[in-house]
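The values are calculated or read from the model by the stated rules, or taken from the named source; none is laboratory data. All figures in this text were calculated on a predicted structure; none of them were measured in a lab. Cβ: placed from backbone, ideal geometry, glycine included. Neighbour counts: every protein chain shown. With ligands, DNA and RNA removed, areas are computed over all heavy atoms of the protein, side chains included. Shrake-Rupley method; radii C 1.70, N 1.55, O 1.52, S 1.80 Å.
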Amino acid sequence: MTQLALVIDLNVCVGCQACVTNCKEWNTSGDAGPMVDQNPYGKDPTGTFFNRVQTFEVGEFPNTETIHFPKSCLHCEDPPCVPVCPTGASYKRKEDGIVLVDYDKCIGCKYCSWACPYGVREFDESQKVMKKCTLCVDRIYDPNMTEEERRPACVRACPTSARLYGDIHDPESEVSHAIREAGGYQLMPEWGTSPANHYLPRRKTKLRLRHDEIERADNPLKIDGLLPKPSKSEPSLDDVTSW
Amino acid sequence: MHPAFSVIFLTTLIGVGQGLFLALFTAQSYALFDLLPKQDGHAFYAHGSLIALLFLIGGLVASFFHLGRPERAWRSATQWRTSWLSREVIVLPAFMGTVFLYGIAHLFDFKPVVATLPGGIAIDLTVVIGAVGWVLAFALYVCTGMIYACLRFLREWHSSLTVINYILLGGASGFTLATVFAAAAAPDLVRFFAGWAAIITLLGLVSRAASLVRNARLKPKSTLQSAIGIKHPKIVQKAQGFMGSSFNTREFFHGKSVGFLRSIKWIFLLLAFVVPALLLATALTGVGALGLMLIAFVVQYLGLMAERWFFFAQANHPQNLYYQAIG
């Protein structure tokens, strides 16, 4: 079975909010209706977003690290928000594992948001229905788009390629490789929701150079600059002559 | 969680309605076996059912204010296989219909005998309808309680005590209302209802106190470490991704101080349990004045509203870990 998901590399995310902006732009112009903001230029601007980038500081000054943490629906493999829905508006697609809300069936009781430990469902105060990340389901299957464009808007927008997208059930996919090889993990594993989205941890990126990589082993006398310069008519030889 | 008044009214009002119906049917069952004087159906059970029905309708109306799209509410009966909310949506109207039929059957004295028990006790139609209503009343308490108890992330609610509390607190307020009703319509039943109301109120105090003790000892299962998957003892949120508010900051925080929460706790313990139990005790000693019983009910109802407010406010949702600092 296919389970589409995002893999977010916390080692690469710089917190630029490009994914947030592109997500909002794509999804507010879609068939499902706008994601209206309330009071956008006032004192308390608010609105519905599918994706937020939060910032955390880890450690104690001066040994701190800033973690930019993009947060959207994790498309759990065992989504707790789906069975509680009284109308069946919330559902998980069998064919690709995307968790969706049918905005035409949702009664706006907000019960699903109570049942989600991650707080990734947001109630639209204008349409009065629950909204959430669709993994750009209206993009990724669009036959009018090129293969390159058929990816979620947030993935397309990321300037540092911190967001990978693919099928985590395909062991050879880019995301599966990333999860296996870069230590991909799930959020709040204690609840057994088995989120499909994974996060790649921060890594220390150090340049490890051995001494002999800096200094050539075959040039112990450091005579690079002193090599003989034979005349142009004579044969030249690498490492022996200067030409 | 942010306590929504629509849900506070819904759960407290239908709790009273269910409890009152249970009280009426209990009285009828006792009368059936000649343990209580028989009441005139026309005046007592029909009017009592009407009052219960009014409370249930009030709760139903309040519930619609909770919905973003009330015009689609009919859809919410479809997922009864998995959703306790859907089950409640089915059981509530079924119970209301049963209460209505129970009242109508008494009103028109439509009591064909369905069966006869050994000893010559005739089981008439109202007893059968009442028994169905009795089952539905308890089913509705269980559905209401399970809506909250089934959410395993909200550990303050995820307990069998939640369901027990809904049964006992709803039952207590319903029996207290039955005492008021009896003081007005059937004085010889006042002691009976007041006794049961006091017992259920005290049982409710025990189970609610047990859940308070349990919740005070809860340790959060999720931490900021598990929420973002970084294993460092010191993590501080610097920004939550927006400068204003969002659904997540409005729906899951009660926005009141710890002191306010604590005072509400003592207020509801006093109003919902202690004061009504004392007032009901006066009825047991023989006074049982209508005004005093009415005060007992009103005080208990206000106490239960405070109890329900506290019930929601106390629940700490793990999503709050992600919304600690605006930035």
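Residue-level check: of (1) surrounded by 20 or more Cβ atoms within 10 Å (Cβ to Cβ); (2) under 30 Å from A:P201 (Cα atoms), B:I326 misses just (1).
Scanning the range A:154-167 for residues that are touching a strand residue (DSSP E or B) at 6+ places or on another chain (Cβ under 7 Å) and either assigned to a loop (DSSP other than H, G, I, E, B) or within 14 Å of another protein chain (Cβ to nearest Cβ) (or both) gives A:C154, A:A162. Scanning the range A:83-102 for residues that are open to solvent by 10 Å² or more (accessible area, probe 1.4 Å), on the phi > 0 side of the Ramachandran plot and more than 7 Å from chain B (Cβ to nearest Cβ) yields a count of 0. Annotation: of all residues in the range A:49-82 being crowded, with 20+ Cβ neighbours inside 10 Å and within 7 Å of another protein chain (Cβ to nearest Cβ), the one that is farthest from A:G108 (Cα to Cα) is A:V58. Of note, A:M145 does not satisfy the criterion of being touching a Lys or Arg at 6+ places or on another chain (Cβ under 8 Å), outside any loop (DSSP other than H, G, I, E, B) and not acidic (D, E).
Taking the conditions exactly as written (surrounded by 17 or more Cβ atoms within 10 Å (Cβ to Cβ) and either within 20 Å of B:Y301 (Cα to Cα) or within 14 Å of chain A (Cβ to nearest Cβ) (or both)), does B:L53 satisfy them or not? Here the answer is yes, as B:L53 does meet what is asked. One residue stands out in the range B:62-101 among those that are β-branched (V, I, T) and at the interface with another protein chain (Cβ under 10 Å from one of its Cβ atoms): the one that is surrounded by the most Cβ atoms within 10 Å (Cβ to Cβ), namely B:V89. Filtering A:F61, A:F56, A:F50 for residues that are in contact (Cβ under 8 Å) with a residue 12 or more places away in the chain and over 30 Å from A:D170 (Cα atoms) leaves a single hit, A:F56. On inspection, A:R151 passes the criterion of being within 25 Å of A:V12 (Cα to Cα) and either at pLDDT 95 or above or more than 14 Å from chain B (Cβ to nearest Cβ) (or both).
All of B:L13, B:L50, B:L22 fail the test of being over 14 Å from B:F181 (Cα atoms) and not in a loop (DSSP other than H, G, I, E, B), apart from B:L13. Within the range A:6-19, residues that are touching a residue at least 24 places away in the same chain (Cβ under 8 Å) and over 23 Å from A:I98 (Cα atoms) reach partners that are of a type in the set (D, E, K, R) and open to solvent by 10 Å² or more (accessible area, probe 1.4 Å) with beta carbons closer than 7 Å, at six or more positions or on different chains, in the pairs A:N11/A:R202; A:N11/A:R203. If we scan the range B:31-43, do we find a residue that is crowded, with 21+ Cβ neighbours inside 10 Å and within 23 Å of B:I199 (Cα to Cα)? Looking through the range B:31-43, none of the residues is crowded, with 21+ Cβ neighbours inside 10 Å and within 23 Å of B:I199 (Cα to Cα).
Residue-level check: of (1) open to solvent by less than 10 Å² (accessible area, probe 1.4 Å); (2) within 19 Å of B:P276 (Cα to Cα), B:A186 misses just (2).
Taking the range B:128-177 as the range and being within 14 Å of another protein chain (Cβ to nearest Cβ), part of a helix (DSSP H, G or I) and among the hydrophobic types (A, V, I, L, M, F, W, C) as the test, the residues that pass are B:C143, B:M146, B:I147, B:A149.
When residues in the range A:1-35 are screened for being within 14 Å of chain B (Cβ to nearest Cβ) and open to solvent by 50 Å² or more (accessible area, probe 1.4 Å), 4 of them pass. Scanning the range B:211-262 for residues that are in a loop (DSSP other than H, G, I, E, B), more than 7 Å from every other protein chain (Cβ to nearest Cβ) and either in contact with a Pro (Cβ under 6 Å, 6 or more places away or on another chain) or of a type in the set (K, R) (or both) returns B:R217, B:K219, B:K231, B:K256. For the range A:103-126, residues that are among the polar types (S, T, N, Q) and at the interface with chain B (Cβ under 8 Å from one of its Cβ atoms) total 1.
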